[in-house]
Amino acid sequence: MAPVARPDHIRSHNLALLLGHLHRHGEQTRAALTQSLGMSRSTIGALVGDLTALGLVEEIVPIGGAGVGRPSHYVVPHHQGPISFGVDVDPPAVVVAATGIGGSLLSRVEVALEGDVDHIAPESVVDAIARGVALAWEQGRPTAVPCGMGVSVPGTIDRRTGQIDDAPNLGWRDVDLRALVAERLDSPSTIMLGNDADLALLAEHRRGSLRGCSDAVFIMGRRGVGAGIMTDGRALHGRSGHAGEIGHNTIDPGGPPCHCGNRGCLEVYVGEAAMLALAGRDEPVTRSAIETLFADARAGAESALAGVTGVVDPLARAIAALHNTLSPERVVLGGSLAGVVELLPEELTAAVAGYCFDLRGDPGLVAPELGLDSALLGAAELGFAGLLADPLSSASRRR
Ligand SMILES: [Zn+2]
């Protein structure tokens, strides 16, 4: 016998649909919601009433909205509604954001990591996360109850256990960061981990340069290099959840050593350390070192330009391999690689086209619309997953 949908199941399903729609598309009138969701006016009215009672949405009349007749009320995320924390572990810093339903950025704080960033203790990162969360909460919406937290890490994550399998640029293997953070924060809200490139892809797809795009790649180029991949509108994880680790594809087995233990990996040629070395700058990889490099390159300094130009060829070959394999509509270059496509768009596009087997048209190379915060905001999206899936029980748990 087919299962019968009970009225409370239908209600909770519809609440999730409505809240998810507002989260993704922003404020709407009841009339627009009626049309977009294909529900009756009375159903929308009842659902908006339920979400209002749960403290998740409210209705406002826009200032200056009084035209002919009665002004339309807009359904908007509640100004004191729950928040999600996004955390981006990006040595030598940990960045934390507090965001509201609808993706609004309420606060953003950076906490510097002390010591050798190539071998940083998980406890130091956990301390930085705890400090960042406290500050972001206070600066963002101190009265709000958190509904969850997402943490972006530069490494591979076991999808079954949620453990970090391997984060070569942190020197970590088999680290249960989620458990460490949960213990430190003593927080009942859900904590989820994601790979930085995967989360950057998620955020750009939801709110940035990949809106409406169903076949795409996000290449994250920081200290390490990795890719988030979407095919037919679905994120590609692979059997182990490790899909997209293109930074460790071997370019030259006799090349320089990589943090992963192999030699001549792609990230040795296009990562941030490579750019500084190609520019003849013998200094540690920091955000300010990279920003100075790109500022100098934009100003026409020859050695800085050599650092950026030097990554074009190996990067183009990697992008062409992705085009030949996946045929994406768009390829977002994030982290420091955004600077490469911004500074040398024609050179990079021509090099990719030259290496592609059958590229018809533009290879679709773009910089992220969310700038350096794609992974951070993707992490914050993870923190909303529980609330969006089931607003009713999630909201009542928070009370
Ligand atoms: Zn490697």
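Listed by first and then second residue, the pairs linking a residue in segment 247-265 that is under 20 Å from residue 322 (Cβ atoms) to a residue that is of a type in the set (D, E, K, R) and more than 8 Å from the ligand (Cβ to nearest atom), with Cβ atoms under 6 Å apart and 6 or more places separating them unless they lie on different chains, are 264/252. Within segment 301-310, the set of residues being open to solvent by less than 50 Å² (accessible area, probe 1.4 Å) and either assigned to a helix (DSSP H, G or I) or in contact with a Ser or Thr (Cβ under 9 Å, 6 or more places away or on another chain) (or both) comprises 304, 306, 307, 308. When 227, 216 are checked against the criterion of being of a type outside the set (Ser, Thr, Tyr), touching a Gly at 6+ places or on another chain (Cβ under 7 Å) and open to solvent by less than 20 Å² (accessible area, probe 1.4 Å), 227 stands alone in meeting it.
A search for C-beta distances below 7 Å between a residue of segment 294-314 that is hydrophobic (A, V, I, L, M, F, W, C) and any residue that is outside any helix (DSSP H, G or I), counting only pairs 6+ apart in sequence or on different chains, returns 304/279; 306/279; 308/344; 312/344. Report yes if some residue within segment 286-300 is open to solvent by 10 Å² or more (accessible area, probe 1.4 Å), part of a loop (DSSP other than H, G, I, E, B) and at negative phi; otherwise report no. Yes, segment 286-300 contains a residue that is open to solvent by 10 Å² or more (accessible area, probe 1.4 Å), part of a loop (DSSP other than H, G, I, E, B) and at negative phi. Filtering segment 182-206 to residues that are free of Cβ contacts under 8 Å to residues at least 60 places away in the same chain and part of a helix (DSSP H, G or I) leaves 182, 183, 184, 185, 205. When the strands (runs of 3 or more DSSP E) confined to segment 71-126 are screened for residues that are in contact (Cβ under 8 Å) with a residue 60 or more places away in the chain and within 16 Å of the chain's Cα centre (by Cα), those reaching at least 3 such residues are found at 83-90, 93-100.
Output the residue which, of all residues in segment 251-279 that are of a type outside the set (A, V, I, L, M, F, W, C) and within 25 Å of residue 374 (Cβ to Cβ), is farthest from the ligand (Cβ to nearest atom). It would help to see each step written out before you state the result.
Of the residues in segment 251-279, the ones of a type outside the set (A, V, I, L, M, F, W, C) are 252-257, 259, 261-264, 267, 269, 271-272.
After this cut, where a residue has to be within 25 Å of residue 374 (Cβ to Cβ) as well, the list is 259, 267, 269, 271-272.
Details: 259: 6, 267: 6, 269: 11, 271: 10, 272: 15 Å.
Residue satisfying both the conditions and the ranking: 272.
Taking residues in segment 165-176 that are within 14 Å of residue 225 (Cβ to Cβ) and open to solvent by less than 20 Å² (accessible area, probe 1.4 Å), and partners anywhere that are within 13 Å of the ligand (Cβ to nearest atom) and in a loop (DSSP other than H, G, I, E, B), the pairs with Cβ atoms closer than 6 Å and at least 6 places apart or on different chains are 167/154; 167/155; 169/154; 169/223; 169/224; 169/259.
Just one of (1) out of contact with any Pro (no Cβ under 8 Å at 6 or more places or on another chain); (2) under 23 Å from residue 246 (Cβ atoms) fails for residue 322. It is (1). Going residue by residue through segment 359-382, is there one that turns out to be open to solvent by 30 Å² or more (accessible area, probe 1.4 Å), over 20 Å from residue 153 (Cα atoms), in a helix (DSSP H, G or I) and not hydroxyl-bearing (Ser, Thr, Tyr)? Taking every residue of segment 359-382 in turn, none turns out to be open to solvent by 30 Å² or more (accessible area, probe 1.4 Å), over 20 Å from residue 153 (Cα atoms), in a helix (DSSP H, G or I) and not hydroxyl-bearing (Ser, Thr, Tyr).
Per the listing 274, 243, the residue uniquely without any contact (Cβ under 8 Å) to a residue 24 or more places away in the chain and open to solvent by less than 50 Å² (accessible area, probe 1.4 Å) is 243. Would you check if residue 248 is open to solvent by 30 Å² or more (accessible area, probe 1.4 Å), within 12 Å of the ligand (Cβ to nearest atom) and modelled with pLDDT of 95 or more? So residue 248 passes the test.
From the list 280, 255, the lone residue that is in a loop (DSSP other than H, G, I, E, B) and open to solvent by 50 Å² or more (accessible area, probe 1.4 Å) is 280.
Of the residues 325, 349, the single one that is outside any loop (DSSP other than H, G, I, E, B) and either free of Cβ contacts under 8 Å to residues at least 12 places away in the same chain or open to solvent by less than 20 Å² (accessible area, probe 1.4 Å) (or both) is 325.
Conditions tested, residue by residue: (1) modelled with pLDDT under 95; (2) farther than 12 Å from residue 377 by Cα; (3) not aliphatic (A, V, I, L, M).
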| position | (1), (2), (3) |
| --- | --- |
| 152 | no, no, yes |
| 157 | yes, yes, no |
| 166 | yes, yes, yes |
| 179 | yes, yes, no |
| 184 | yes, yes, yes |
| 191 | yes, yes, no |
| 205 | no, no, yes |
| 209 | no, yes, yes |
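The values are calculated or read from the model by the stated rules, or taken from the named source; none is laboratory data. Since the structure is predicted, the reported quantities are computational estimates derived from the model, not experimental observations. Cβ sites come from the backbone with ideal geometry, for glycine too, and all protein chains shown count toward neighbours. Side chains are part of the model used for accessible areas, which takes the heavy atoms of the whole protein and leaves out ligands, DNA and RNA. Shrake-Rupley method; radii C 1.70, N 1.55, O 1.52, S 1.80 Å.
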